[in-house]
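Have a look at this one before I ask anything.
The values are calculated or read from the model by the stated rules, or taken from the named source; none is laboratory data. Source: prediction; values computed, not measured. All Cβ positions, glycine included, derive from the backbone under ideal geometry; neighbour counts span all protein chains shown.
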Amino acid sequence: MDSATSTHCPYCALQCAMTLTAHGAGVTVTGRAFPTNRGGLCKKGWTAAELLTSPDRILEPMMRRPDGSFAPASWAEALDLIAERLSGSRAEHGADSVGVFGGGGLTNEKAYQLGKFARVALGTSRIDYNGRFCMSSAAAAGNRAFGLDRGLPFRVEDLDAAGTILILGSNVAQTMPPFIGHLDGARAAGGLIVVDPRRSATARLTDDGAGLHVQPTPGSDLALLLGLTHIVITEKLVDVAYVADRTVGFDELRRSVGAWYPERVQAATGVPAWQLRQAARRLAAGHGTYILTGRGVEQHVDGTDTTTAAINLSLILGLVGTTHSGYGTLTGQGNGQGGREHGQKCDQLPGYRKITDPAARAHVAGVWGVSPESLPGVGLPAVQLLASMGVSGGIRCLLVHGANVVVSAPDAKQVRTGLEALDFLVVSDFFFSETAALADVVLPVTQWAEEDGTMTSLEGRVIRRRRAVTAPPGVRSELWILHELARRLHSPSTFSTDPAEVFDELCRASAGGLADYSGLSYDRLGAGDESDEPTYWPYPAGSTGTPRLFLDRFAHADGRARIHAVQNRATDAPAATGGILTLITGRLLEHYQSGAQTRRVPELANAQPEARLQLHPATAEQLGVVHGGWVNVTSARGIVRCRAEVTLDIRHDTVFLPFHFPGDQSANRLTGGATDPISGMPEFKTTTVRVRAVAEHAEPEEMRVYA
Amino acid sequence: MPDQFDADRSGHPGGAGPERFVLVGYGPVGARFADQLLPAVHAGLATLTVVGAESVDAYNRVLIADYAVGRTDRDALEVTDPLAARAAGVRILTGTSVTAINRSLRTVTLGTGEALPWDRLVLATGARANVPTLDGVTRVRHNLLSPPAEAAGLDSADAPLPRGVTALRDLDDAQTILAAVRSGARIVVLGAGVLGLEFALAAAQAGSETCVVYHGEIPMNRNLDRGGGTVLARRIRQAGVSMVKHARAESILFHDDGVPRFDALICADGKQIHGDLLVLSCGVGARTELASLAGLSVSTGVLVDASLRSWTDLGIYAIGDCAHVAPRPGPGASAAPPAGGPSGLIGPGWRQADWLAAQFRAELAGVTAGPPLPPEPDSVVMLKAEGVDVVAAGDTRPDLWDTDKADHAAGCGSGRVSVSQWADPEHGRYVKMVTRDGILNGFVSVGMPRTAAELTLLYQRGSELPMDRSLLLRFDGPDFEPSAGANAFASDATVCWCNGVTVGTITESIGGGQTTVACIGTATRAGTGCGGCTGRIAEVLERFAP
């Protein structure tokens, strides 16, 4: 008998609503009416259910044998071994010898439980997650400016009424396609402004009078934003009353951007002065104006400052905390918002609390039934956590949940070396991801359609993920795994296996925090299988939630937003000679993150089976590269070998690689490990590389290592 | 020859107490230096006294033309926070002149008579507007004079410019001009350098009748080749500014209603150019008289080495428009004046201020100093004017057909020079690219803003140009938008972005018997994302339906 279940897509943070119909052979996906996706889905969503029955799926725990191969094991065997190895490491090398790496795709319940498990059952401070690679700079900037970080502090559908939308460094047309329907109003008004070094699918939405594509050279976003701010100030376009009533710090900003006149910005960015003026004037022209940032401007060593510059521009235009305009950052991973609120971050406790705050520690320890003193302090952010693998005093054991760091972390080759140097690696996944392939124990876990839970979307809306089918018999939920491990580790607290119970505990733990969920419960989120209540946090007990934030005040004690003047760092872009170019990375429509899932969907894999290096025809001609021909791309960190895609859609000084592919097509073999000093976000978007045409069967210039 | 003082703690026996810094000059470069030194002041490692001749705190001179025509506010000119500096303990004296540097005593004498002791002295005295030789205007030979005790007379000495004649350098000048612009005055600008042209264009845009008078064939003749200059002059005329070339100004005709007031500029050929206000824009000269009188080596500016230290006195530094950076001559070096000179641009001045303050901070904190100040690349010159785009940099002289000569002039083995050029004078467009061994070595771009921006990046980075140079011209053409004019019904044109569905996929589906947008959606997923492409699907259907 068929049964229909209302849930949401497993992939990105737009969390499109879908209906899953289970029938004998499997599950059928259909789109479902919802304000963000309006019944539509992208290619990834439509094909999501194919992974439930993928032949690649791991269906029982796998343990590595002495000869290096994997053999199936019982859950009891696997969990006993893990508990033994972790407690052994803890006894011998201290609690901080065990690390935990989480993910922005985990449900709120899992993310919460993972943070609790690390602090209480393992007693380790060494927990962080892959969201450090995505959202940490935007989060740091939002917290600094507004006192609170909710990616979009307004509803996605509020964008429909905007006359002007500035998108900086985000290719939404490919990363969350149904989102672009919300740009139609601005496009009709000729007000979509897209900043991207590539003529991306999103940039193309500005064609035919729909707006403006601004194409700066990579790494110059901060100068660009300082320039726009300069124009707004010098041309007297500042919302003076708003700045006076709702912000502090404007004078410092005004002085700091005085030097960034349009012609100087032109020289730094490659964007002509007239285009800067046109963009600044359009932003100030009213009619509902939104400024949105994405990873393209955030994933830099100055990502926090660049995001801050975008926020400053929004503030002096009087956009934030109004009924008609705003600033937001486009969260990428499915639960990238909730994942950064409930304790997976090395410096946070549930409810977006600081782990260094004694009151926060006392509150959370109270909910967990442990003493505040027993909670560890601040750990290491992701890049540093991974860099500590195999290093004296670093982590010796690692648990990975919902992440594929061999592909997704910067300087991937070094990460692989670190993982290999660990005493013990446990990976929970559906598949033998490139990271799982290096593990000592791989634990098969449930997929989205097989579990209950909650996700918090890019607009801070808490939504229900509902179980549509029963998981294969050998597969377990991470909640169950954490419960079993905690029991074996004699944890002083309890770890429920029931998502609703975990959520209730999470809500209590978050009470009084910035991300306050205490008025929520599974009942409140929509009891039946049909409904989706519009529940936006903060949602303290007794409230009805907060669709638009900051309407009356910002989350700082005095209620005012902070304008924090930032300085442009000196850029030393390389001379483009002899094939030296700047590499940027990003996503393709067909794939999601490290591709561990989407590369296993035949329709998606067939459409984009491999990484291709995008480069401009003039650059290609210079280097003797032909469309479809092979190239070697080298950086100080490593080498990638792939085919070339010659296209006019990219600047002549820039090349692009998607980051979804493993092995010698892995873009993150090239990226470095430099991080933002405030957020710990790694630099992904400007890497100096040398591109060289090679023969198809040329020997790769380093050993190919496959697990 | 130069007396070598040991700058380290030279005035400070035993090295006790914070290092005493005196900064002479409080313009944008001086202010940047002061801001950057603040951490050392906060840390108690340094004290800082700033002496500025203008009666106000530092402001952004780059925007002075905008301010002079009323386009922006005084507030927008702020570049520093003097309150923060004062709160940190920096002593800032505005409206104060320095009349002497006493190198042996390690003091400076102020116009007030006060003597300020220093361990390090930083000169950021900037530059003053040149006053050309014109009958009716007194020229002051500053380098022969001690600076006056009255700061207000620093540049005019006892010979203020006549009424109706002004330079455009400081706030007072700007206010004089602003009043004239607001009253609808006719403005004559003498000199067609960057600043003169920027101001003339801004004044014309603000509604003033404006005329630029220059000698020679082309404006910006220091930066542009003949082609670029000719096209630029045409663009400026189109923007409503009269351009009077080959005009050698000789004297000024005055109205005389008690106090003489500017009436007309008279040229060597007898031409009279009437107006209400004459704005002199004939370049600037470094204020070096203090340094000269103190016996410091001076050329077109105070001579400093690559670390911005005076050639003569290792306790004295110079930055910005008053500094002439050149290698200190070795023994027996020729006595010829060193090449180069102050750039007159703000960017290099700011970089010097940042670097020097960082050096001091590192030294005082006892940590390793950063890398040396990189040599300033040849400046990129651009006009800050809306609607008239001109950018030039590097060596723009080589002629299209005459590159052998350029090769030879540059010396053997210095690389092959080649020139690519595009000229469309009728439409005000001109680009010239000069490469040496394929690397961009100089360029001029007029009326091609996007091209200019890209050439600037390539030039600054020392990059190779694409073999097909015309690529760089097409940035400003309609075909730059690759989608414009592209065939929307080409087989590989994407229709549905959400699902990556092309025209080809849809036509196949039509061939397979699908006859409605909904059926095509079911078969191909086109239109099943955001739904924004259903109109396009209908078009494809209509066109390809059997």
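Yes or no, residue by residue, for (1) crowded, with 24+ Cβ neighbours inside 10 Å; (2) assigned to a strand (DSSP E or B); (3) of a type outside the set (A, V, I, L, M); (4) outside the structural domain of A:Ser371 (by TED's automatic domain parsing):
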| site | (1), (2), (3), (4) |
| --- | --- |
| A:Ile82 | yes, no, no, no |
| A:Gly88 | no, no, yes, no |
| A:Glu92 | no, no, yes, no |
| A:Phe101 | yes, yes, yes, no |
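Yes or no: A:Thr28 surrounded by fewer than 18 Cβ atoms within 10 Å (Cβ to Cβ), more than 21 Å from the chain's Cα centre (by Cα) and either more than 14 Å from chain B (Cβ to nearest Cβ) or part of a helix (DSSP H, G or I) (or both)?
The answer is no for A:Thr28.
Would you pick out the residues in the range A:303-322 that are part of a helix (DSSP H, G or I), farther than 15 Å from A:Asp149 by Cα and β-branched (Val, Ile, Thr)?
A:Thr306, A:Ile316
Ok, one more. Quick one: in the range B:49-63, which of the residues that are assigned to a strand (DSSP E or B) and surrounded by 21 or more Cβ atoms within 10 Å (Cβ to Cβ) is nearest to the chain's Cα centre (by Cα)?
B:Tyr59
Residue by residue, here is whether (1) more than 9 Å from every other protein chain (Cβ to nearest Cβ); (2) within 20 Å of A:Glu621 (Cα to Cα) holds:
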| position | (1), (2) |
| --- | --- |
| B:Trp422 | yes, no |
| B:Arg429 | yes, no |
| B:Lys432 | yes, no |
| B:Ser445 | yes, no |
| B:Pro449 | no, no |
| B:Ala453 | no, no |
| B:Ser463 | no, yes |
| B:Met467 | no, yes |
| B:Leu472 | no, yes |
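Hey, can you tell me all the residues within the range A:581-621 that are more than 30 Å from A:Leu52 (Cβ to Cβ), more than 22 Å from the chain's Cα centre (by Cα) and in contact (Cβ under 8 Å) with a residue 12 or more places away in the chain?
Hits for the range A:581-621 are A:Leu581, A:Thr582, A:Leu613, A:Gln614, A:Leu615, A:His616, A:Pro617, A:Ala618, A:Thr619, A:Ala620.
Shifting gears a bit: How about the range B:519-536: which of its residues are within 13 Å of chain A (Cβ to nearest Cβ) and in a helix (DSSP H, G or I)?
Correct list: B:Gly521, B:Thr522, B:Ala523, B:Thr524, B:Thr534, B:Gly535, B:Arg536.
Given the criteria closer than 18 Å to B:Ser463 by Cβ and assigned to a loop (DSSP other than H, G, I, E, B), does A:His591 qualify?
Spelling it out, it is not the case that A:His591 is closer than 18 Å to B:Ser463 by Cβ and assigned to a loop (DSSP other than H, G, I, E, B).
Looking at (1) touching a strand residue (DSSP E or B) at 6+ places or on another chain (Cβ under 9 Å); (2) within 14 Å of chain A (Cβ to nearest Cβ); (3) surrounded by fewer than 21 Cβ atoms within 10 Å (Cβ to Cβ), can you tell me which one B:Asp73 breaks?
B:Asp73 satisfies all of (1) touching a strand residue (DSSP E or B) at 6+ places or on another chain (Cβ under 9 Å); (2) within 14 Å of chain A (Cβ to nearest Cβ); (3) surrounded by fewer than 21 Cβ atoms within 10 Å (Cβ to Cβ) except (1).
Another question, then. Please give the number of the condition A:Arg199 fails out of (1) out of contact with any helix residue (DSSP H, G or I) (no Cβ under 6 Å at 6 or more places or on another chain); (2) more than 11 Å from chain B (Cβ to nearest Cβ); (3) in contact (Cβ under 8 Å) with a residue 40 or more places away in the chain; (4) surrounded by fewer than 23 Cβ atoms within 10 Å (Cβ to Cβ).
(2)
So which residues in the range A:240-263 are of a type in the set (D, E, K, R) and in contact with a helix residue (DSSP H, G or I) (Cβ under 7 Å, 6 or more places away or on another chain)?
A:Arg254, A:Glu263
Now for a different question. Which residues, taken from the range A:530-580, are within 14 Å of chain B (Cβ to nearest Cβ) and surrounded by fewer than 18 Cβ atoms within 10 Å (Cβ to Cβ)?
A:Gln567, A:Arg569, A:Ala570, A:Thr571, A:Asp572, A:Pro574, A:Ala575, A:Thr577, A:Gly578, A:Ile580
Does the range B:456-477 contain any residue that is in the same structural domain as B:Ala393 (by TED's automatic domain parsing), in contact with a Ser or Thr (Cβ under 7 Å, 6 or more places away or on another chain), at pLDDT 85 or above and of a type in the set (S, T, N, Q)?
Checked the range B:456-477: at least one residue is in the same structural domain as B:Ala393 (by TED's automatic domain parsing), in contact with a Ser or Thr (Cβ under 7 Å, 6 or more places away or on another chain), at pLDDT 85 or above and of a type in the set (S, T, N, Q).
Just wondering, is there one or more residues in the range A:227-246 that are within 28 Å of B:Asp66 (Cα to Cα), within 30 Å of the chain's Cα centre (by Cα), outside any helix (DSSP H, G or I) and at pLDDT 95 or above?
No.
Kindly evaluate A:Leu380 against the criterion of being out of contact with any strand residue (DSSP E or B) (no Cβ under 6 Å at 6 or more places or on another chain) and at pLDDT 95 or above. Steps first, answer last, please.
On the way: out of contact with any strand residue (DSSP E or B) (no Cβ under 6 Å at 6 or more places or on another chain): yes; at pLDDT 95 or above: yes.
Yes: the conditions hold for A:Leu380.
Which one is nearest to the other protein chains (Cβ to nearest Cβ) among residues in the range A:590-615 that are crowded, with 24+ Cβ neighbours inside 10 Å and among the aliphatic types (A, V, I, L, M)?
Applying the filter and picking the extreme gives A:Leu604.
Right, next: When the range A:473-487 is examined, which residues are found to be out of contact with any Asp or Glu (no Cβ under 8 Å at 6 or more places or on another chain) and farther than 19 Å from A:Glu84 by Cα?
A:Pro473, A:Arg476
Another question, then. Considering only the range A:47-74, how many residues are under 33 Å from the mean Cα position of the chain (by Cα), aliphatic (A, V, I, L, M) and not in a loop (DSSP other than H, G, I, E, B)?
6
Mind checking which residues of the range B:322-352 are more than 27 Å from the chain's Cα centre (by Cα) and either outside the structural domain of B:Leu308 (by TED's automatic domain parsing) or surrounded by 13 or more Cβ atoms within 10 Å (Cβ to Cβ) (or both)? Step through it out loud before you land on a result.
Going residue by residue through the range B:322-352, those that are more than 27 Å from the chain's Cα centre (by Cα) are B:329-336.
B:Pro329, the sole residue that qualifies.
Just to confirm my filter: which strands (runs of 3 or more DSSP E) fall fully inside the range B:291-334 and include at least 3 residues that are β-branched (Val, Ile, Thr)?
Working: elements: B:302-304, B:316-318, B:323-325.
Where strands (runs of 3 or more DSSP E) fall fully within the range B:291-334, none carries at least 3 residues being β-branched (Val, Ile, Thr).
Another one. Please verify whether the range A:290-313 includes one or more residues that are among the small types (Gly, Ala, Ser), within 12 Å of another protein chain (Cβ to nearest Cβ) and over 24 Å from B:Asp389 (Cβ atoms). Full working, then the answer.
Going through the range A:290-313, the residues among the small types (Gly, Ala, Ser) turn out to be A:294, A:296, A:303, A:309-310.
Next, only the ones that are within 12 Å of another protein chain (Cβ to nearest Cβ) stay: none.
For the range A:290-313, residues among the small types (Gly, Ala, Ser), within 12 Å of another protein chain (Cβ to nearest Cβ) and over 24 Å from B:Asp389 (Cβ atoms): absent.
From the list A:Ala223, A:Ala244, exactly one residue is free of Cβ contacts under 8 Å to residues at least 60 places away in the same chain, more than 9 Å from chain B (Cβ to nearest Cβ) and closer than 21 Å to A:Ser256 by Cα. Which is it?
From the options A:Ala223, A:Ala244, the qualifying one is A:Ala244.
This table checks each residue for (1) surrounded by 24 or more Cβ atoms within 10 Å (Cβ to Cβ); (2) facing chain B (nearest Cβ under 7 Å).
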| position | (1), (2) |
| --- | --- |
| A:Gly163 | no, no |
| A:Pro177 | yes, yes |
| A:Arg204 | no, yes |
| A:Gly227 | yes, no |
| A:Asp239 | no, no |
| A:Glu252 | no, yes |
| A:Gln266 | yes, yes |
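Checking A:Ala189 against (1) free of Cβ contacts under 8 Å to residues at least 40 places away in the same chain; (2) more than 10 Å from chain B (Cβ to nearest Cβ), which test does it fail?
Of (1) free of Cβ contacts under 8 Å to residues at least 40 places away in the same chain; (2) more than 10 Å from chain B (Cβ to nearest Cβ), only one is false for A:Ala189: (1).
Would you pick out the residues in the range B:64-120 that are among the hydroxyl-bearing types (Ser, Thr, Tyr) and either within 31 Å of the chain's Cα centre (by Cα) or outside any loop (DSSP other than H, G, I, E, B) (or both)?
B:Tyr67, B:Thr72, B:Thr80, B:Thr94, B:Thr96, B:Ser97, B:Thr99, B:Thr107, B:Thr109
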